[in-house]
Amino acid sequence: MARVALVTGGTRGIGEAICVALKDAGYKVAANYGGNEEAAAKFTKATGIPAYRWDVGDFGACQEGVQSVAEDLGPVEILINNAGITRDGTMHKMTFEQWDAVIRTNLTSCFNMCRSVIDGMRQAGFGRIVNIGSVNGQAGQYGQVNYASAKSGIHGFTKALAQEGAAKGITVNAVAPGYIGTDMVRAVPEKVLEKIIARIPVGRLGEASEIARGVLFLVADEAGFVTGSTMSINGGQHMY
Ligand code: CAA
């Protein structure tokens, strides 16, 4: 029986590429999305993958969302915490709302989602959780105190939960993407982005499919000995 995988923020960007790669590899896939109905409809039409709308920052909504996916496809055995936003700005200009939105959507979401699937994974004696971190959580980034904190938090979260899951067949790993050619990165001012690309040894932005490839490795049944690790996929920008 194909395992059931749920990808948050799964209808666009890196999440979309992960969904497609998982489906192509034979998994049963569900995508969560936060609000862009048009993109979600386009995604489902193109891929045949069902999309479920809820706010990953809302604990109750995550519990209900996971329940709906389980009713439709079966219990979630693979969770990819990919949903994330940016609200960039230097500290002296950053509002509390910018701080709070990023921590809630990028980090609290990992608690909300993992808490919603963990009992089922423990009972099944199997689980694969992959959290999408960031090079900017590893190295920090000018104008991203909020985002770097959330992503750095994800890396600690991953290592702590990996220790808890190990004896129950649940692996927990992170993938830390560098700058990938998605809408999120394209929103960075062109001049700033040019300077960033100049510091990437591989000399280009990454492709979303290059992140999906790493995720696919980590969720495999055969990857049971890989846990608590961070796979950096960043074109050599930061060697951690
Ligand atoms: N290091 C040092 N100084 C820097 C700097 C850096 N990395 N970036 C900018 N500065 C300096 C500028 O040179 C400028 O100095 P002067 O005034 O002396 O010329 C000063 O800081 C102000 O810079 P801006 O004009 O850019 O200031 P701003 O307030 O208009 O914008 C900002 C600030 C919003 C942070 C903008 O610089 C920005 O968008 N930076 C990019 C942030 C970024 O990389 N975001 C990543 C988004 S993608 C992502 O997060 C995905 C992922 O996981 C990788």
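The values are calculated or read from the model by the stated rules, or taken from the named source; none is laboratory data. From a predicted model like this one, the values you see are computed outputs, not experimental measurements. Cβ: placed from backbone, ideal geometry, glycine included. Neighbour counts: every protein chain shown.
Taking the conditions (1) more than 10 Å from the ligand (Cβ to nearest atom); (2) of a type outside the set (Ser, Thr, Tyr); (3) at pLDDT 95 or above in turn, His155 satisfies each one other than (3). Of everything in the stretch 56-76 that is touching a helix residue (DSSP H, G or I) at 6+ places or on another chain (Cβ under 7 Å) and more than 18 Å from Ile154 (Cα to Cα), the residue that is surrounded by the most Cβ atoms within 10 Å (Cβ to Cβ) is Val76.
Against the condition within 12 Å of the ligand (Cβ to nearest atom) and not in a helix (DSSP H, G or I), how does Val175 come out, does it pass? In short, yes. Kindly provide the set of residues from the stretch 190-228 that are in contact with a Leu (Cβ under 9 Å, 6 or more places away or on another chain), small (Gly, Ala, Ser) and without any contact (Cβ under 8 Å) to a residue 60 or more places away in the chain, ordered by number. Result: no residue meets the conditions. Small (Gly, Ala, Ser) and over 20 Å from Gly57 (Cβ atoms): is that true of Ala148 in this structure? Considered against the rule, which asks whether it is small (Gly, Ala, Ser) and over 20 Å from Gly57 (Cβ atoms), Ala148 comes out as no. Would you call Leu205 in contact with a strand residue (DSSP E or B) (Cβ under 9 Å, 6 or more places away or on another chain) and farther than 27 Å from Ile118 by Cα? Yes; evaluated as a whole, the condition is true for this residue. Checking the structure you have, find out if any residue of the stretch 66-86 is within 29 Å of Glu222 (Cα to Cα), hydroxyl-bearing (Ser, Thr, Tyr) and either within 16 Å of the ligand (Cβ to nearest atom) or without any contact (Cβ under 8 Å) to a residue 24 or more places away in the chain (or both). Within the stretch 66-86 (the criterion being within 29 Å of Glu222 (Cα to Cα), hydroxyl-bearing (Ser, Thr, Tyr) and either within 16 Å of the ligand (Cβ to nearest atom) or without any contact (Cβ under 8 Å) to a residue 24 or more places away in the chain (or both)), the answer is yes, since at least one residue qualifies. All conditions but one from (1) more than 19 Å from Thr227 (Cα to Cα); (2) more than 16 Å from the chain's Cα centre (by Cα) apply to Ala167; the one that does not is (1).
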